[in-house]
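Right, one structure below, let's go through it.
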Amino acid sequence: MRLFLTLILAGLIALPTAAMAAPTLEDLQLQIKALSEELEDMSELVEQAETHVAKDRINWYGDLRVKADAVHYDDVTFNPGVKVDFDAFAANMGAFSTPLTALDGTVLTYDETASPNATNVYNLLVGNGFPAAAAKNLTPLTSMMLANPGMVDGFLAGQLTGVKNFSFPVPQKTYDIDNDILYSTRLRLGMKAKVSNDIDFTGRLTMYKNWGDSTAVKVFDSWDAFTMDGTNSGNTTGDLVHVERAMFIWNDIADTNFYLSIGRRPSTYGMPTNYRENEQRGGTPSGHLVNFNFDGVTIGYKLSKVTGVDGQTVRFCYGQGYESEYGNGELFGGIETEDTHLGGFNIDLINDGMHAVQLTAFRAQDINDGFKGVFAFPTAYAPLFAPTMNADMQKFPTFNFVTRYQPSATIGNINLAGIGYAYEAFNGASFFGSLGYTGSESTGEAGMFGGMLSDAVFEAQLNDTKDEIIMMPARAENDKDRDGYGIYVGMQLPAPMGKFGLEYNYGSMFWTPFTQAQDDAISSKLATRGHAGEAYYVFDITPRAFIKVGGIYYDYKWTGSGSPVGEPKEVDDVLDGKAYSMLPAIDTAWDAYASMTVKF
Amino acid sequence: MKLQKLFVLVLALVFTATAVLAVEGGNSRKGKYLFKKNCKVCHSEGAEGGNVTPLSKTQSQWDRMFKKAKHDPKAWENLSEKDLLDVNQFLFDHASDSDQPETCG
């Protein structure tokens, strides 16, 4: 800077000398003095700026998106039921038939004429050799059958042997839901800092909330309504700011093409989902297979520096998605789950701005029947699983107690593989296609919501006070390997004032990607088991501000999209009452949205 | 407010806003191609002009450079005005203070 100013000074002195009549020595001295003073002032300003830059350790940037969604669900069906091992049930029939007594020891009875079902219960027991008097006793078994007429019908028909469906005593409900306006705000604050020549820090803080709610906890009606580590950034969680990403990147290790990155990973908004987001590639792994926050490590090799192919990079990624002991009451020694680890390769074959080819191969080892997280207990579950609690809860129908959930069984592993290609033409058009595969392996274990893509088989047992039969998950119905596949295609065309985009994706019955953090209002569209289509128009107001208007249509063919827990059921079967679903099953849904995003 | 009315309002806002604020520029994708074809000959590691990438300057620095044509004019002889606008757009869009891919490397 000083050299530059000196040259300017010399130039300024030389110019008038050449162009005009020779000034006096006194004039020149005055000019030099004035310029010297100005130079000192400028040096002082430069030093101040330099000091500010040196102290300004973090470079902040970010974006703000406000969005309005009109969300509609058609034919949502709640028809809960579980599979029960009735052979195990029969083996405990003696214990289940122990008469219940009042505090004074009097045996409790029921009125067998009170209802047709009560008469059926009485007749069933008498028909199975119970003395007439004993058949009227209130026992854990008779209590259960009095509350479950379907169970009595099953016994009477001689059908309740082996593993059979057991419906809960609530009638099937099918209904539509119209949420005409759901507003949300997403704030993302990016951070970058230079640690040294080869080491950089980068991070991102995210707040994503729907308007009028900062509880950070939702009533559990789907796996999207579950506040947990992997999806915090993609599901509305109030006005809390979460650390979506925080990592260091150590480049050119020992003057090689290797780099190392450790921390909370950039594992959301990957290619090719960046087109619909109208932003640069937002994460490392394929967005078709992984859109989920992970903590972990990447070791990469910039192959492009050897082969000369732009963007060619090989990465080995490793992360942990679940910690099974720490924080889970490990000191009581009751933990029976495993840590979940994810590892694999993420390879960019080429990424030269025109062609991008990405290969993905991951394995998620020791997946459990869920994650640890927080939700509000749905009132609808109380009469199904907690009649004692329900006795009080029904007096407070809008009081949903907040509970911390943790899984109870290690259900298996999932292998993920995919290939994606994107082409960006000179005229601004972009086209992409992605094929994904998910293959599961089951341990045969199950928790309350099921095993690996398999239902749980429940066994009946007496509660601690021996007065109620409760159903507890014992195992998965099967331990079969399951293959799922998904396709995702789309295009984005230049259009007046912006871009027009069309996308379609399909997932098969057992399609199980890790995209639950995709921030669509209804659910991750790429996790859909069935069809999903989207059309949108982006109006580029300025390079750093745009408006997006569009819609997504979901046509679910199978239940449980986005979850490896439980056997997917045909939605039509749930609608027809032939199959049960512990969570409400959605048939079709659509989301019309308009958003405005500013980047800064 | 009724849903349909709201969407009509949003669309009206969109068209009004974009009509006023939309900017015209070069073709960034073509600019990248032209930059690789014409500029990297001299501006790569070990070459005469030293390594230059879009990250070498900020957006306003790139714009100043092209506006004031701070470059050896001979090297730009083969590039039309539109080509230079495209290259400028590419360098601007990927400058050190622009949005960058958010990958781990």
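Does the range A:157-246 come out rounded, prolate or oblate by the C-alpha gyration tensor, with a ≥ b ≥ c the root eigenvalues, rounded set by a/c under 1.5 and, if not, prolate when a/b is larger than b/c and oblate if not? Could the numbers behind the result be given before it?
Working: a/c = 4.90, a/b = 2.11, b/c = 2.32.
Oblate is the answer for the range A:157-246, as a/c is 1.5 or above yet b/c matches or exceeds a/b.
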Q. Using a 1.4 angstrom probe with every protein chain in place, what is the largest-first accessible-area order of A:V574, A:V241, A:V163?
A. A:V241, A:V163, A:V574
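With the other protein chains left in place, how much accessible area per residue, in square angstrom, belongs to chain A at a 1.4 angstrom probe?
On the way: 27050 Å² over 600 residues.
Ligands and nucleic acids excluded, the result is 45 Å² per residue.
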Q) Hey, got the average number of other protein chain Cβ atoms within 10 angstrom for residues in A:278-287? A) 3
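To the nearest 20 Debye, how big is the dipole of the protein assembly as shown about its Cα centre, given +1 on the beta carbon of each Lys and Arg and -1 on that of each Asp and Glu?
1480
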**Q.** Per-peptide average of other Cβ atoms within 10 Å, ordering B:57-70, A:32-45, A:111-124 highest first
**A.** A:111-124, B:57-70, A:32-45
Q) Carbon and sulfur together cover what percent of the accessible area of chain A at a 1.4 Å probe radius? A) 60
Q) Put +1 on the Cβ of each Lys and Arg and -1 on the Cβ of each Asp and Glu in the protein assembly as shown; which of A:P116, A:T227, B:C39 then has its Cα farthest toward the positive end of the dipole? A) B:C39
Q) Which shape class, rounded, prolate or oblate, goes with the range A:364-444 when its Cα gyration tensor gives a ≥ b ≥ c as root eigenvalues, a/c under 1.5 marks rounded, and past that a/b bigger than b/c marks prolate? A) oblate
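Normalized C-alpha radius of gyration of the range A:260-400, against 2.2 N^0.38 Å?
Working: Rg = 21.4 Å, N = 141, 2.2 N^0.38 = 14.4 Å.
Scaled against compact globular proteins, the figure is 1.49.
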Q. By accessible area of protein heavy atoms, probe 1.4 Å, what ranking do A:F78, A:F332 get, highest first?
A. A:F332, A:F78
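Go ahead and run the numbers for FRET between A:D481 and A:I299, Cβ-Cβ distance against an R0 of 35 Å, rounding to 0.05. Intermediate results must be reported in sequence, preceding the final value.
Numbers: r = 30 Å, r/R0 = 0.85.
Calculated transfer efficiency: 0.75.
Please state, to two decimals, what the Cα-based radius of gyration of chain A comes to when divided by 2.2 N^0.38 Å (N = residues).
Details: Rg = 32.1 Å, N = 600, 2.2 N^0.38 = 25.0 Å.
Dividing the Cα radius of gyration by 2.2 N^0.38 Å gives 1.28.
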Q: May I ask for the Rg/Rh ratio of the range A:29-160, computed from Cα atoms with Rh as the Kirkwood radius, given to two decimals?
A: 1.84
Q.
As a test of the definition: with a 1.4 Å probe, what buried accessible area, both sides summed, do you compute for A against B, in Å² to the nearest 100?
A. 2900
Q) What nm distance separates the two modelled labels at A:M42 and B:T53, each placed 7 Å from Cα along Cα→Cβ? A) 3.2
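So, counting K/R as plus one and D/E as minus one, what does the shell of residues with Cβ under 13 Å around A:E441 add up to? Before the final figure, lay out the partial values.
Numbers: positive: A:R363, A:K480, A:R482; negative: A:D366, A:E445, A:D479, A:D481, A:D483.
Residues near A:E441 contribute -2 overall.
Tally Lys and Arg at +1 and Asp and Glu at -1 over the other residues with C-beta under 10 Å from the C-beta of A:R65: what net charge comes out?
Values: positive: A:K67, A:R186, A:R188, A:K548, A:K599; negative: A:D63, A:E277, A:D519.
Result for the neighbourhood of A:R65: +2.
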Q: Determine the sum of side-chain charges near B:G31: Lys and Arg each +1, Asp and Glu each -1, restricted to other residues whose C-beta is under 12 angstrom from that of B:G31.
A: +3
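Work out how much length A:A361 to A:K173 would gain on full extension: take 0.36 nm times their residue separation and subtract the Cα-Cα distance, in nm to one decimal.
Details: separation 188, 0.36 × 188 = 67.68 nm, distance 4.12 nm.
Gain on extension, A:A361 to A:K173, equals 63.6 nm.
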**Q.** Modelled label reach - B:E77, point 7 Å along Cα→Cβ, the range B:37-55 residues with backbone N closer than 19 Å
**A.** B:37-43, B:48-49
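Place a +1 charge on the Cβ of each Lys and Arg in the range A:83-167 and a -1 charge on the Cβ of each Asp and Glu, then give the dipole magnitude about the Cα centre in debye, rounded to the nearest 20.
On the way: 3 positive and 6 negative charges, 27 e Å.
Rounded to the nearest 20 debye, it is 140 debye.
Would you mind checking the pairs A:K302/A:K599; A:K67/A:K209; A:K209/A:K395; B:K30/B:K82 and listing those with alpha carbons more than 20 angstrom apart? Numbers along the way, then the final one.
On the way: A:K302/A:K599 29 Å; A:K67/A:K209 10 Å; A:K209/A:K395 30 Å; B:K30/B:K82 10 Å.
Long pairs (Cα-Cα over 20 Å): A:K302/A:K599; A:K209/A:K395.
Highest first, please rank the peptides A:393-404, A:313-324 by the mean number of other Cβ atoms sitting within 10 Å of their residues. Please report the intermediate quantities before stating the final value.
Values: A:393-404: 11.6, A:313-324: 19.6.
In decreasing order of mean packing, A:393-404, A:313-324 become A:313-324, A:393-404.
Order these peptides, A:409-420, A:545-556, by their mean beta-carbon neighbour count within 10 angstrom, highest first. Working shown, then result.
On the way: A:409-420: 23.0, A:545-556: 20.4.
Per-residue mean Cβ counts within 10 Å order the peptides as A:409-420, A:545-556.
Sorting A:W211, A:W590, A:W223 by accessible area (1.4 Å probe), largest first, what list results? Present the calculation step by step, with values, prior to reporting the outcome.
Values: A:W211 130, A:W590 95, A:W223 55 Å².
In descending accessible area the options line up as A:W211, A:W590, A:W223.
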Q) Residues of A:420-430, mean number of Cβ from any other protein chain within 10 Å of their own Cβ, rounded to a whole number? A) 2
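Going by a ≥ b ≥ c, the root eigenvalues of the Cα gyration tensor, does the range B:25-93 fall in the rounded group (a/c under 1.5), the prolate group (a/b larger than b/c) or the oblate group? Present the calculation step by step, with values, prior to reporting the outcome.
Details: a/c = 1.32, a/b = 1.22, b/c = 1.08.
Rounded.
The values are calculated or read from the model by the stated rules, or taken from the named source; none is laboratory data. Computed from a predicted structure; not experimentally measured. Don't worry about glycine lacking a Cβ; one is built from the backbone with ideal geometry, like all the others, and counts go over all protein chains shown. SASA here: full protein model, heavy atoms, side chains in, ligands and nucleic acids out. Shrake-Rupley method; radii C 1.70, N 1.55, O 1.52, S 1.80 Å.
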